[in-house]
Amino acid sequence: MALSLYNTLTRKKEELTTLKPGEVGLYTCGPTVYAPPHIGNLRTYLFEDLLKRVLLMNAYQVNHVMNITDVGHLTSDADEGEDKMEKGSQREGKSVWEIAEFYTTMFKQNMAELNILEPNVWCKATDHITEQLALIQQLEAKGLTYKTSDGIYFDTAKLKDYGKLAKLDAKGLKEGARVEANPEKRNPTDFALWKFSPPAGEPEKKRQMEWDSPWGVGFPGWHIECSAMSMKYLGETFDIHCGGIDHIPVHHTNEIAQSEAATGKPFVKYWLHGEFLVVDAKRMGKSEGNLLTLDWLTKEGITPLAYRYFCLMTHYRKPLNFSLEAALSAQKALQNLQDKVATMGEPSVGCAEYEEKFKAALNDDLNAPQGLAIVWELMKSSYPNSAKKQSLLKMDEVLGLGLKDVPTLTMPPEVEALVEERERIRRDKDFAKADDIRIRIKELGFTVDDTELGPVVKKLH
Ligand code: AMP
Ligand code: ZN
């Protein structure tokens, strides 16, 4: 069963064929560690985790690299504004290094809570300054760079196919360009590879993070880190690169420009982008002032895994509208599933029919909403619990809802017998008698709820 993925580069669903059979090189743009991740950011990492788990389901060996941006990302994705890290440091009165450490730890904790698999390689931008300088020098040697008073820039007009990912056309870009902060830029799309630290005469602007370079003391631009580190760990051409859709026109476009200009080879075969989490039709983002965190969700009674379930209910290429009500209903659905799993006993031979349908859905460009529908169909089917459980746990290796960790509920045989008897009686529509049995079950310390998945038993506390 082939795996098809929507490639932003071609705007088509394509069958995956990897450079090395059975192996995938995967690079996902990681967080800028200057503030707590918001649940919009986390939606993107959940989509990438789904992709990775689907690759694993297809028996690929996945070599996954994720970076940590701890320098160079300015408050605008272009080359304007302050460095987010330096700004975070001023806000909190800590050093940039402390800020980076603190928010990296928080990000990793959020990932663990969401049951996101860790990459094989974590790489920090500040640990790879040498590699970034070397790449800039390669571009300089090819005559693709120029110097302005604030840094070294990439001359995008020198490339024939600049902007092919976003399908940018030079004319439209010039017309649509904003007033440029740096009038020395030759073209609106040119971007900084290296930025100079403010002059020594302005001590109040002194940066905490800066390095020597052949051009002067400063720091790398944001895009160069991902080109340098992805190629270091995955090779000059690799299989899959992901991020949120906001990365298409600037960050990923510039990564392609730098990498392909330096190596003369195609950079990445498949580009995958996740759509935004929105609130009232507005992107969740810092400038919109509508940020929500995982901690906040937990306080509202929505567990991280329920947020994962909520995200799985919408295809990754569709915007997902966040509302507390919808998230609470995801919480309830997951709770139902967990309660049912707790009473399903030991797994045995699974239901091949459902497992195949599930795989086909996920292999069709990661159709998780369809996958979840199949899970519920399976749960309502007439297969025995042991078979359902086997298939469910297999599907959950892809969904990542942690169902294998749900503790088994051990019922005394007496309670089990009463639950079965009550079901028989209910089928005969003798509801008064069924209620009597419910009371007897309660006396033995258990409750029974009639759900769309049949009776669900829980222990009374
Ligand atoms: P950043 O830490 O700002 O570099 O962003 C981390 C990731 O979150 C990037 O891949 C962004 O594309 C993604 N992202 C930012 N805002 C949203 C949003 N509202 N919904 C989904 N993904 C987002
Ligand atoms: Zn990146």
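The values are calculated or read from the model by the stated rules, or taken from the named source; none is laboratory data. Being a predicted model, the structure only gives us computed values, none of them experimental. Virtual Cβ from ideal backbone geometry, glycine too; neighbours counted across all protein chains shown. Accessible surface is based on the protein model in full, side chains and every heavy atom, while ligands, DNA and RNA are left aside. Shrake-Rupley method; radii C 1.70, N 1.55, O 1.52, S 1.80 Å.
Could you list, ordered by first residue, the pairs with Cβ atoms under 6 Å in which the first is in region 237-258 and closer than 24 Å to Asp155 by Cα and the second is small (Gly, Ala, Ser) and open to solvent by less than 10 Å² (accessible area, probe 1.4 Å), at least 6 apart or interchain?
Pairs found: Thr253/Gly163; Glu255/Ser227; Gln258/Ser227.
Of the conditions (1) in contact with a Phe, Trp or Tyr (Cβ under 6 Å, 6 or more places away or on another chain); (2) not assigned by TED's automatic domain parsing to the domain that holds Pro119, Ser259 clears all except one; give me its number.
It is condition (2) that Ser259 fails.
Quick one: Gly285 ticks every box in (1) touching a residue at least 40 places away in the same chain (Cβ under 8 Å); (2) open to solvent by 30 Å² or more (accessible area, probe 1.4 Å) except a single one, so which number is it?
Going through the list (1) touching a residue at least 40 places away in the same chain (Cβ under 8 Å); (2) open to solvent by 30 Å² or more (accessible area, probe 1.4 Å), Gly285 breaks only (2).
In region 320-374, how many are in a helix (DSSP H, G or I), touching a residue at least 60 places away in the same chain (Cβ under 8 Å) and under 29 Å from Ile245 (Cβ atoms)?
Looking only at that region, the number is 7.
So which strands (runs of 3 or more DSSP E) stay within region 1-81 end to end and still have 1 or more residues that are under 13 Å from the mean Cα position of the chain (by Cα) and of a type outside the set (A, V, I, L, M, F, W, C)? Quick ask: steps written out before the conclusion?
On the way: elements: 4-7, 12-15, 23-28, 61-68.
Because the criterion is at least 1 residues that are under 13 Å from the mean Cα position of the chain (by Cα) and of a type outside the set (A, V, I, L, M, F, W, C), the strands (runs of 3 or more DSSP E) in region 1-81 that meet it are 23-28, 61-68.
Step by step: first the residues of region 49-99, then only those that are in contact with a strand residue (DSSP E or B) (Cβ under 7 Å, 6 or more places away or on another chain) and hydroxyl-bearing (Ser, Thr, Tyr), then the one that is least open to solvent (accessible area, probe 1.4 Å). Which residue is that?
Here the answer is Thr69.
So, in region 288-303, of the ones that are open to solvent by less than 20 Å² (accessible area, probe 1.4 Å) and not in a loop (DSSP other than H, G, I, E, B), which residue ends up farthest from ligand 2 (Cβ to nearest atom)?
Among those that are open to solvent by less than 20 Å² (accessible area, probe 1.4 Å) and not in a loop (DSSP other than H, G, I, E, B), it is Leu297.
State whether the residues of region 229-244 include one that is away from ligand 2 (no atom under 16 Å from the Cβ), modelled with pLDDT of 95 or more and touching a Phe, Trp or Tyr at 6+ places or on another chain (Cβ under 6 Å).
no
Please go through (1) open to solvent by 40 Å² or more (accessible area, probe 1.4 Å); (2) not in a helix (DSSP H, G or I) for Val457 and return the number of the only condition it doesn't satisfy.
If we test Val457 against (1) open to solvent by 40 Å² or more (accessible area, probe 1.4 Å); (2) not in a helix (DSSP H, G or I), just (1) comes out false.
Which ones in region 116-160 are open to solvent by 50 Å² or more (accessible area, probe 1.4 Å), in contact (Cβ under 8 Å) with a residue 60 or more places away in the chain and in a loop (DSSP other than H, G, I, E, B)?
The answer is Leu117, Lys142.
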